[in-house]
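The values are calculated or read from the model by the stated rules, or taken from the named source; none is laboratory data. In this text the structure is predicted, and so the values were computed from the model without any measurement. Cβ placement follows ideal geometry from the backbone for every residue including glycine, while neighbour counts extend to all protein chains displayed.
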Amino acid sequence: MAASATSLPSPLSLALLLLFLGSMSSLSRAAEVLVGGAANGGAWKIPSSQTADALNSWAESARFRIGDALVFKYDPAQDSVLQVTRAGYLACNVSGPVAQYVNKGGEAKAELDRSGPFYFISGAPGHCGKGQKLIIVVLSPRRGPAEASSPAPAPAETEVPAVAPTSGAARLGLKMGWALAAGSLFGVFGLGLF
């Protein structure tokens, strides 16, 4: 019996793998989120008297990121969605909204394009006063540990000249880099991830 030989992947295969993984991570960040959730039927409507704050309770249990889009489902002949300021939200003031969303095919979409709070109310007369309003808080982008901590102090000034690395140290660094790359490739291909 002849043993089968395994070969290392081509640089093109590796580049395609990295491109694919990078695109998957960016796609997984943005989402379309049905306002009120699927359990509520996703309807943008006046809450029942037992669940007057149901929309905000739902929003508090969800995580929203920059790039997500809220999907409001409603009959455009009966309702509308307005984005307002905090003061407009508290007073249910429909005049001078920050944005008014167009209903296309029974739904309107509002993109969450920054971190912080977004305030939405119904534009139909009396609906906001009956609880048809929503506060969404969008999370700030994640930061790495180095970015989240305070900056390091500036180095003290010295008059010591910098020492250039020796060629042996440079070769050792190059060998270590290749060893790390080979170990990573073994993990990806050895586990059957490619």
Quick one: which strands (runs of 3 or more DSSP E) sit completely within region 48-125 and have at least 2 residues that are crowded, with 18+ Cβ neighbours inside 10 Å and either in contact (Cβ under 8 Å) with a residue 12 or more places away in the chain or on the phi > 0 side of the Ramachandran plot (or both)? 69-73, 81-84, 107-111, 116-122
Does at least one position in region 64-85 carry a residue that is basic (Lys, Arg), farther than 30 Å from Arg142 by Cβ and in contact with a Phe, Trp or Tyr (Cβ under 8 Å, 6 or more places away or on another chain)? yes
State yes or no: is Leu14 modelled with pLDDT of 90 or more, more than 25 Å from the chain's Cα centre (by Cα), in a helix (DSSP H, G or I) and aliphatic (A, V, I, L, M)? no
Evaluate region 154-165: report whether one residue or more is surrounded by 10 or more Cβ atoms within 10 Å (Cβ to Cβ), aliphatic (A, V, I, L, M), out of contact with any strand residue (DSSP E or B) (no Cβ under 7 Å at 6 or more places or on another chain) and at pLDDT below 95. no
